[in-house]
Amino acid sequence: VRGLIGSEKSGFLSDPRVQSILSQKYGINVSFGTAGSISIANGADAGQDFLWPASQYARQIYEQAHGPALKDELVFNSPIVLYSWRPITQALIRQRIVERLGHAYYVVDMPKLIRLVIAGTTWPSIGVHALSDPVLVQTTDPTQSNSGFMFAGLIANIINGGRVVEPSALPRVLPAVKSFFNSLGFEQSSTGTLFETAIAQGEGAFPLWVGYENLYIEEAIAHPEIRSQLNRDVNILYPRPTEWSSHVFMALDQKGVRLLNALEDPTIQRLAWTRHGFRSGLIGV
């Protein structure tokens, strides 16, 4: 069975445990390529049995161009989150942008954070003296990747006073959204690649970036040698209200349908949560 998926799910489908269940129990061997979810929706589907982007928006884009898939279902959910390093988190807490509740961190004033970025505020001016650059929230390219696309929508709604942007509001909202993204420079096309690059290059290169919750969990489990360092140095910041990335599996033919049905196997769903951090209502997380 061949398909295209968002890169954040490559670790899951490459997991030998998942592959073994698919092969031995269902007679399925999966091969896949990765791309940004918006690219998946906009691209050709020739030769693919399934598409698995990271949002229902991507499904809508696909359906507008190609019509509905043979079968589609929401398989996983994962919250859109911000990642930061401990000194960055502490500065955002002092600015009352982030609040710690128990063991979790929440972005309680996203409009203030967006205003800092658009205004060109520097890190030293909010107490991060190890950095000299302007405050930025690095995202993926919103024209190719779902996490960047969803964050762009969040920014637009914030600029629009918390209201969903209607076409009549675009002339007022769009210049500020463009200003936000123009300040970022080069943008990755893949959320998984952005996460890996940020972890590898560290606080100086990526003080604050957008990703999915599952990427942190998967990284910590896959690399136990750096787990304690991740727990010590990297924080997950949950926006309020939370934005959910819904991973919609689109089966394009009967082979894709067979894989979709197999992915609902309770053991596979449990592995998706315990090994790769994907939430699923099928197992109550």
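The values are calculated or read from the model by the stated rules, or taken from the named source; none is laboratory data. Since this is a predicted model, take the numbers as computed values, not measurements. Using ideal geometry, Cβ is built from the backbone for each residue, glycine included, and neighbour counts are taken over all protein chains shown. When the accessible area is computed, the model is the full protein with side chains, heavy atoms only, and any ligands, DNA or RNA have been set aside. Shrake-Rupley method; radii C 1.70, N 1.55, O 1.52, S 1.80 Å.
When the inverse distances between all different Cα atoms of region 108-255 are averaged and flipped, the Kirkwood radius reads 16.9 angstrom. Return P(r) of region 176-285 (all Cα-Cα pairs; 10 Å bins starting at 0; whole %; ordered from short to long distances). Histogramming region 176-285 at 10 Å steps yields 11, 34, 34, 18, 4 percent.
For residue 244 and residue 170 in one chain, what is 0.36 nm times their gap in residues minus the Cα-Cα distance, to one decimal in nm?
In short, 24.3 nm is gained.
With the charge dipole of the chain set up from +1 on Lys and Arg Cβ and -1 on Asp and Glu Cβ about the Cα centre, the Cα lying farthest toward the positive end among the listed residues 155, 248, 124 is that of 124.
Using a simple spin-label model with pseudo-atoms 7 Å out from Cα toward Cβ, residue 267 and residue 74 lie 2.8 nm apart.
I need the peptides 244-256, 153-165 ranked by packing, meaning the mean over residues of other C-beta atoms within 10 angstrom, with the highest value on top.
Working: 244-256: 21.2, 153-165: 16.0.
Taking the mean over residues of other Cβ atoms within 10 Å, the ranking is 244-256, 153-165.
Just so you know, the Rg over Rh for region 162-241 is 1.08, from Cα atoms, with Rh as the Kirkwood radius. Between residue 64 and residue 179, the modelled label-to-label distance comes to 2.7 nm, taking each label 7 Å out from Cα in the direction of the beta carbon. Protection proxy ranking for 117-123, 135-141, using the average of other Cβ atoms within 10 Å per residue and placing the highest first: 135-141, 117-123. Here's how it looks for residue 28: its modeled amide H is under 5 Å from those of 23, which are all 5 or more places away or on a different chain. Across q = 0.07, 0.12 Å⁻¹, the chain modelled as identical point scatterers on its alpha-carbon atoms has Debye log10 I(q)/I(0) values of -0.27, -0.77, in the order of the q list. Rolling a 1.4 angstrom probe over region 118-233 with all protein chains present gives an accessible area of which 56% lies on carbon and sulfur atoms. Gyration tensor over the Cα atoms of region 11-165: the corresponding equivalent ellipsoid has semi-axes (square roots of 5 times the eigenvalues, largest first) of 37, 20, 14 Å.
Can you bin region 1-97 into rounded, prolate or oblate? Criterion: square roots of the alpha carbon gyration tensor eigenvalues sorted a ≥ b ≥ c, rounded for a/c under 1.5, prolate for a/b above b/c, oblate for the rest.
Here region 1-97 falls in the oblate category.
For the pair residue 99 and residue 26, the difference between a 0.36 nm per residue extended length and the Cα-Cα distance amounts to 21.7 nm. Roughly speaking, what is the centre-to-centre gap between region 104-130 and region 132-176 when only Cα atoms are used, to the nearest Å? Centre-to-centre (Cα) distance: 16 Å.
Between residue 197 and residue 115, the modelled labels are 3.1 nm apart [label points 7 Å from Cα along Cα→Cβ].
The residue 132 and residue 187 beta-carbon pair, evaluated with R₀ = 22 Å, returns a calculated FRET efficiency of approximately 0.55. In whole percents, the pair-distance distribution calculated for region 90-136 from its alpha-carbon pairs, binned every 10 Å from zero, is 28, 53, 18, 1.
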